[in-house]
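Accompanying notes for the structure given below.
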Amino acid sequence: MMFSFKEIISAFLILFAIIDITGAIPIVIDLRQKGAKISPLRVALVSFALLVAFLYTGDALLGLFGVDINSFAVAGALILFLYGLEMTLGREIIHNDGPDTAANAVPIIFPLIAGAGVLTTLISMRTEYQASNIVVAIALNMVVVYFVLKYIDKVEKVLGPTVIYILRKVLGIILLAVAIRLFTVNLSSLIPVR
């Protein structure tokens, strides 16, 4: 188990961008106003457990369908690219077409924190980062999630709508760059060299 500060920071930033807890502040506030009870500690712990479990079992799940990790990483890169476009352009590209009852059951954990984009990203990241570094990055992100949810009113007041908007755009551009790198690295491993 080798820990790399550079990998941890890089993985943290990628996950931070795709989880986008600061961009979810208005959604969380809206849910609270509608009567949703939010336990910041429970949300952080359950999300951490879910993400780590998927990080380690995602390969086995892929194996059941006969999909290799590089192919999944290319697919994940395409989804990351779409999320980056959403954040940068401010347009909804990926629609949440799940039933409202499912979204209401665990509105914060899924799809806001442990959504399809994050799960896809975790598997994609396995091709470039040590699993132990990704786990640390997940833990650090859950600490951020905990504090944002615990102090959501203060966070919104301190950052303000302008900073949240700018942060979302910058993180969107970072996601686009990461998606392009993931795509090119993994696509080249799928195409045989002659």
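The values are calculated or read from the model by the stated rules, or taken from the named source; none is laboratory data. As the structure is a prediction and not an experimental result, all values here were calculated from the model. So basically every Cβ, Gly included, is an ideal-geometry build from the backbone, and we count neighbours across all protein chains shown. Just so you know, the surface numbers come from the protein's heavy atoms only, side chains and all, with ligands and any DNA or RNA stripped out. Shrake-Rupley method; radii C 1.70, N 1.55, O 1.52, S 1.80 Å.
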Condition set farther than 20 Å from Ala114 by Cα and among the polar types (S, T, N, Q), scope segment 48-75, selection modelled with the lowest pLDDT: answer is Asn70
The lone condition Ile18 fails out of (1) within 28 Å of Ala73 (Cβ to Cβ); (2) among the β-branched types (Val, Ile, Thr); (3) open to solvent by 40 Å² or more (accessible area, probe 1.4 Å) is (3)
Set Ile164, Ile180: member being exposed (fewer than 15 other Cβ atoms within 10 Å of the Cβ) and among the β-branched types (Val, Ile, Thr): Ile180
Residues satisfying the stated conditions in segment 157-190, i.e. more than 20 Å from the chain's Cα centre (by Cα), modelled with pLDDT under 80 and not polar (S, T, N, Q): Leu190
Asn96 passes all but one of (1) modelled with pLDDT under 85; (2) over 13 Å from the mean Cα position of the chain (by Cα); (3) assigned to a helix (DSSP H, G or I); which number fails? (3)
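Specify the residue that is least open to solvent (accessible area, probe 1.4 Å); the eligible residues are those in segment 36-57 that are farther than 16 Å from Ile19 by Cβ and in contact (Cβ under 8 Å) with a residue 40 or more places away in the chain.
Keep residues of segment 36-57 that are farther than 16 Å from Ile19 by Cβ, which gives 36-37, 39, 41-42, 53, 56-57.
Applying the additional criterion that residues be in contact (Cβ under 8 Å) with a residue 40 or more places away in the chain yields 36, 41, 56.
Numbers: Ala36: 34, Leu41: 99, Tyr56: 123 Å².
Among them, the one singled out is Ala36.
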Those residues of segment 21-31 that are open to solvent by less than 10 Å² (accessible area, probe 1.4 Å) and either touching a Pro at 6+ places or on another chain (Cβ under 6 Å) or part of a helix (DSSP H, G or I) (or both) come to a total of 2
Which of (1) part of a helix (DSSP H, G or I); (2) over 28 Å from Lys37 (Cβ atoms); (3) not acidic (Asp, Glu) is the odd one out, the single condition Tyr129 does not satisfy? (1)
Let me spell it out: the conditions are (1) surrounded by 13 or more Cβ atoms within 10 Å (Cβ to Cβ); (2) at pLDDT below 85; (3) not aliphatic (A, V, I, L, M), and Tyr146 meets all of them except one. Which number is the exception? (2)
Considering each of Val67, Val52 in turn, give the residue that is of a type in the set (Val, Ile, Thr) and part of a loop (DSSP other than H, G, I, E, B). Val67
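Among residues belonging to segment 99-137 that are β-branched (Val, Ile, Thr) and at pLDDT below 75, point out the one that is farthest from Leu149 (Cα to Cα). Working first, answer last.
Residues of segment 99-137 that are β-branched (Val, Ile, Thr), as a first pass: 101, 106, 108-109, 113, 118, 120-121, 123, 127, 134-136.
Next cut, at pLDDT below 75 only: 101, 106, 108.
Values: Thr101: 22, Val106: 15, Ile108: 10 Å.
Only one residue tops the list, namely Thr101.
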